[in-house]
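Asks: Structure below; questions to follow.
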Amino acid sequence: MLKSINMAKLEIKVYPDKVLRKKAASVRRVGDAERKLSRDMIETMGAANGVGLAAPQVGISKRIIVVLDVEGSGQALVFINPKILKKKGRSRVCEGCLSVPDVTSDVVRPEFVTVEALNIDGEQIKMEAGGLLARIIQHEIDHLDGILFIDRIGILKRKKLIKQLGSKVCMEL
Ligand code: ZN
């Protein structure tokens, strides 16, 4: 019950919405607005069966991401002003994105990352992540810089995907 009072589902912006291409602004102070946004993002991610969500995806150009701790607790983690300090290894995994519906593609990324951020209480945290969690963190941080996973694949594959997306946009018009 508490959940439904305090949380609200937000609208997810989809490609080619311009907000997805903007570089998001750093959060100066973690206050009530940032905490509410983080909680709403967790709610929105859950409702969409996502494993990660970045604030620009709900139309808010702030450096806040939420990720599901798929390799550990299964709980949602909040990273504010996240920064990757170290990267290691390389892996290829199929990715999709709530903002780029119906398309997926293999993306090559570092396999392990060390990330520094503020948590929902405004405290500095540092975390080492590997596997799927590291992948989600990198995908979501990309969103803060206006980068989509389709930017990280080969040009031929991208052309094919854009064509697919383009025809989809046309059909929706
Ligand atoms: Zn995404």
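Asks: Here is a list: Glu116, Glu111, Glu123. Which entry is open to solvent by 40 Å² or more (accessible area, probe 1.4 Å), out of contact with any Phe, Trp or Tyr (no Cβ under 8 Å at 6 or more places or on another chain), closer than 17 Å to His139 by Cβ and acidic (Asp, Glu)?
Replies: Going through Glu116, Glu111, Glu123 in turn, just one is open to solvent by 40 Å² or more (accessible area, probe 1.4 Å), out of contact with any Phe, Trp or Tyr (no Cβ under 8 Å at 6 or more places or on another chain), closer than 17 Å to His139 by Cβ and acidic (Asp, Glu): Glu111.
Asks: Also, quick follow-up: All but one of (1) away from the ligand (no atom under 16 Å from the Cβ); (2) over 21 Å from Ala25 (Cα atoms); (3) at pLDDT 95 or above hold for Ser73; state the number of the condition that does not hold.
Replies: Only one criterion in (1) away from the ligand (no atom under 16 Å from the Cβ); (2) over 21 Å from Ala25 (Cα atoms); (3) at pLDDT 95 or above is unmet by Ser73, namely (3).
Asks: Sort out which residues of the range 138-161 are outside any helix (DSSP H, G or I) and either touching a residue at least 12 places away in the same chain (Cβ under 8 Å) or within 11 Å of the ligand (Cβ to nearest atom) (or both), and write them in order of number.
Replies: Result: Asp145, Gly146, Ile147, Leu148, Ile153.
Asks: Moving on. With the requirement that a residue be polar (S, T, N, Q) and not in a strand (DSSP E or B), what does the range 83-137 give you?
Replies: Ser99, Asn119
Asks: Of the conditions (1) of a type outside the set (Phe, Trp, Tyr); (2) touching a helix residue (DSSP H, G or I) at 6+ places or on another chain (Cβ under 6 Å); (3) open to solvent by 40 Å² or more (accessible area, probe 1.4 Å), Pro56 satisfies every one except a single condition; which number is it?
Replies: Here Pro56 meets the rest and fails (3).
Asks: Go through Leu68, Leu20 for me and flag whichever is under 24 Å from Asp121 (Cβ atoms) and within 14 Å of the ligand (Cβ to nearest atom).
Replies: Leu68
Asks: From the list Pro82, Pro101, which residue is of a type outside the set (Ser, Thr, Tyr), under 13 Å from the mean Cα position of the chain (by Cα) and within 16 Å of the ligand (Cβ to nearest atom)?
Replies: None of the others qualify; the one that does is Pro82.
Asks: Write out, first by first residue and then by second, each pair whose Cβ atoms fall under 7 Å of each other, whose residues are 6+ apart or on separate chains, and whose first residue, in the range 88-106, is of a type in the set (A, V, I, L, M) and surrounded by fewer than 17 Cβ atoms within 10 Å (Cβ to Cβ) while the second is at pLDDT 90 or above and not in a strand (DSSP E or B).
Replies: Note: pairs meeting the criteria are Val93/Arg135.
The values are calculated or read from the model by the stated rules, or taken from the named source; none is laboratory data. What you see is a predicted model, and the numbers here were worked out from it, not measured in a lab. As a convention, Cβ positions derive from the backbone with ideal geometry for all residues, glycine included, and neighbour counts pool all protein chains shown. Protein only, heavy atoms only, side chains kept; ligands, DNA and RNA dropped before computing areas. Shrake-Rupley method; radii C 1.70, N 1.55, O 1.52, S 1.80 Å.
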